[in-house]
1. Would you be able to say whether some residue in the stretch A:343-364 is among the basic types (Lys, Arg), within 14 Å of chain B (Cβ to nearest Cβ) and in contact with a helix residue (DSSP H, G or I) (Cβ under 8 Å, 6 or more places away or on another chain)?
2. Can you name every residue in the stretch A:268-301 that is open to solvent by 40 Å² or more (accessible area, probe 1.4 Å) and touching a helix residue (DSSP H, G or I) at 6+ places or on another chain (Cβ under 9 Å)?
3. Quick one: is A:ASP73 at the interface with another protein chain (Cβ under 9 Å from one of its Cβ atoms) and at pLDDT 90 or above?
4. Test A:ARG319 against the criterion of being assigned by TED's automatic domain parsing to the domain that holds A:VAL209, surrounded by fewer than 22 Cβ atoms within 10 Å (Cβ to Cβ) and without any contact (Cβ under 8 Å) to a residue 12 or more places away in the chain, and give yes or no.
5. Which of the residues belonging to the stretch A:226-280 are within 14 Å of the chain's Cα centre (by Cα) and charged (D, E, K, R)?
6. Tell me, yes or no, whether the stretch A:77-91 has at least one residue that is in contact with a strand residue (DSSP E or B) (Cβ under 9 Å, 6 or more places away or on another chain), among the charged types (D, E, K, R), modelled with pLDDT of 90 or more and not assigned by TED's automatic domain parsing to the domain that holds A:GLY300.
7. Could you tell me which residue of the stretch A:222-275 is modelled with the lowest pLDDT, considering only residues that are over 17 Å from A:ASP194 (Cβ atoms) and among the β-branched types (Val, Ile, Thr)?
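The values are calculated or read from the model by the stated rules, or taken from the named source; none is laboratory data. Since the structure is predicted, the reported quantities are computational estimates derived from the model, not experimental observations. We place every Cβ from the backbone using ideal geometry, glycine too, and count neighbours over all the protein chains shown. Side chains are part of the model used for accessible areas, which takes the heavy atoms of the whole protein and leaves out ligands, DNA and RNA. Shrake-Rupley method; radii C 1.70, N 1.55, O 1.52, S 1.80 Å.
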2 protein chains.
Amino acid sequence: MSTADPEALSQARSEAVVDSDSLSCPVPRSGHDTIQMGHGSGGRMSAELLSGTFLAAFTSAELAALGDAAVVDTPGGRLAFTTDAYVVTPRFFPGGDIGRLAVSGTINDLAMMGAKPLYLAAAFILEEGLPIEDLRRIVASAAATCKEAGVPLVAGDTKVVDRGSGDGVYITTSGVGIVPAGIEIGPDRARPGDVVIVSGAIGDHGIAVMSVREGIEFSGDLASDAAPLHILVAGLLEAAPGVRCLRDPTRGGLASTVNELAGASKVCIELDEAAIPVHAPVRGACELLGLDPMYVANEGKLVAIVDSSEAGAALEALRSNPLGREAAVIGRVTQGPAGMVSLRTAAGSSRIVDLLAGEQLPRIC
Amino acid sequence: MSTADPEALSQARSEAVVDSDSLSCPVPRSGHDTIQMGHGSGGRMSAELLSGTFLAAFTSAELAALGDAAVVDTPGGRLAFTTDAYVVTPRFFPGGDIGRLAVSGTINDLAMMGAKPLYLAAAFILEEGLPIEDLRRIVASAAATCKEAGVPLVAGDTKVVDRGSGDGVYITTSGVGIVPAGIEIGPDRARPGDVVIVSGAIGDHGIAVMSVREGIEFSGDLASDAAPLHILVAGLLEAAPGVRCLRDPTRGGLASTVNELAGASKVCIELDEAAIPVHAPVRGACELLGLDPMYVANEGKLVAIVDSSEAGAALEALRSNPLGREAAVIGRVTQGPAGMVSLRTAAGSSRIVDLLAGEQLPRIC
């Protein structure tokens, strides 16, 4: 099939089947309150876990069909395909959890290529001893995020590792999507004269996670920004089809992302510190913890580099979506040294913004 | 694009870019001999690890392009999409390692849907303290298996967890493939009168892994059968296009797979113990370890259920490939109780073969 007809696509989805080696029919649940090694055996306990937990939350016909792989039609366009492992600790944090993160993050990786996300797959590595209630919450959250995003999970896998060989739950999410004709986005496409836009305040995710880890209560609301951004991106691309680069500043934060874009495009990028939105509680927490918000992870923000002629339209499109309400122009691309990122500080001086050396916030996503 | 032209596909591949949040340009290697937390930071150490280890082994243009997601054209057919996490311990075993396993297993999941595998993606969860030399060997082995199979890895991700929160390395591999028109394979398609074929001797993988874990030397060669089976499947489908069911008997072994097929198809399957090939060292090891080879994992075997009229052609096709040299008819589908699997033993009696209850060999794949 090679049509972009939504009906054909819907048909394709109904033909999809799920990756699972473990069972073929529902089996009654046993009385276990924690994950046991037997849950990963591929036998009855696996079947119970799958039917009692995963199939109860992910109710797509694709998942219930239980084949070895999902078979999906594509509307004949370019396909985007991505994977990411999620190992965040703690697994629940203000504004989200590892399940929401795993779905949002992979949708966002597709969206950053300008793709319309179509299908997701997820593999869970569970540690013996994980409370099943925790797993249920996480799976429910992931399923709710899929529903919110309108992107179904069509394939999955579960493995169990012994106590001390994991940390509760790790999730690897993969996704495929279609890149519409005419969309040309790449990290190497920034040109001198372009402007750099961020879709909102930075550092929310990293600081929300750290606040739980460190047991710190900050004044004001701190919540992860984890969210699927593909609708925001679709609006942006409609208003500003000439967008050059898109990237979500996750691990390593805004500083790392802008460095990556400057390096790939062989351009210099000058940022204006005063223009970069940072929520007051995040700024306060960063001061307390000795962190630079420029390096703190985000999970619901994007950096866009656009031709200056489209900057106004891009900003307007972003701000019209609640997820981009605080979008701002934060810098510009120049002919300075290739790969260099400089920051004009609020005090008026200028400093180099480098890639993070070593770790700042481990296991933030 | 919607053509199945190989040139178009090759073009699509050259447009693909890789999923990586971590860097944009090569960076010199640092002197670390073990994985550090900083290798997962998304900063310079991540860049070093990626360029020094992954990009050195996986040399596809797609991987080197380093975008957020792989963009690939499809030839407009049905798409197969799968994911599997690999947590086998130990990570090196006779006949393979976790890298070969992760590539073979995902290719096989695609092949079991009758799909031609096109692209793979892999996410690595690395434990702090993992020797980089081990990682290199694993990545090299995975890359070699990709090359052997002719299926490129086009997207990846790496995360690092702290010591004690993992076990060296876990790999989640995802794959997409195209299902040719006319192929209709599903676990629910077996019909009374069909025959059950296995492509070779069972239990090799599980026993090879156990031999290392238990520190046991057995007489005779013991080696995992981990191998990509898509070429074997392509030959099978060409000779016997009416194949009803295909599945690789991995976790849970042959017994679990046949149970899954019997359950999904609502048929009874009768197996003939004497017809099931088991290598002598595997049989001996099973006796020593108290294991039933029917439940021991395989990573280079398939179970096919075919119309009896095509059984001869199917067997001949399988045996013409070295990976199917020992293929055998091992049973038939009957109108007995739906979902039941019975085994006629060598002694002439008959017993029920059930799903595995609980675990037999944890972390076997």
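1. Let us first name the residues in the stretch A:343-364 that are among the basic types (Lys, Arg), namely A:344, A:351, A:363.
Those left that are additionally within 14 Å of chain B (Cβ to nearest Cβ): A:363.
Okay, now just the ones that are also in contact with a helix residue (DSSP H, G or I) (Cβ under 8 Å, 6 or more places away or on another chain), so A:363.
Yes, the stretch A:343-364 has at least one match.
2. Here is the first cut: in the stretch A:268-301, the residues open to solvent by 40 Å² or more (accessible area, probe 1.4 Å) are A:270, A:272-274, A:279-280, A:283, A:287-290, A:292.
Scanning the stretch A:268-301 gives A:GLU273, A:HIS279, A:ARG283, A:LEU289, A:ASP292.
3. Working: at the interface with another protein chain (Cβ under 9 Å from one of its Cβ atoms): yes; at pLDDT 90 or above: no.
No, not satisfied.
4. Numbers: assigned by TED's automatic domain parsing to the domain that holds A:VAL209: yes; surrounded by fewer than 22 Cβ atoms within 10 Å (Cβ to Cβ): yes; without any contact (Cβ under 8 Å) to a residue 12 or more places away in the chain: yes.
Against the criterion (assigned by TED's automatic domain parsing to the domain that holds A:VAL209, surrounded by fewer than 22 Cβ atoms within 10 Å (Cβ to Cβ) and without any contact (Cβ under 8 Å) to a residue 12 or more places away in the chain), A:ARG319 qualifies.
5. A:ARG247, A:ASP248, A:ARG251
6. Yes, that holds for at least one residue.
7. A:THR250
Listed here are the residues, each with its yes/no results for (1) open to solvent by less than 30 Å² (accessible area, probe 1.4 Å); (2) in contact (Cβ under 8 Å) with a residue 12 or more places away in the chain; (3) touching a Lys or Arg at 6+ places or on another chain (Cβ under 6 Å).
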| site | (1), (2), (3) |
| --- | --- |
| B:ASP188 | no, yes, no |
| B:GLU217 | no, no, no |
| B:ALA223 | no, yes, no |
| B:ALA262 | yes, yes, no |
| B:LYS266 | no, yes, no |
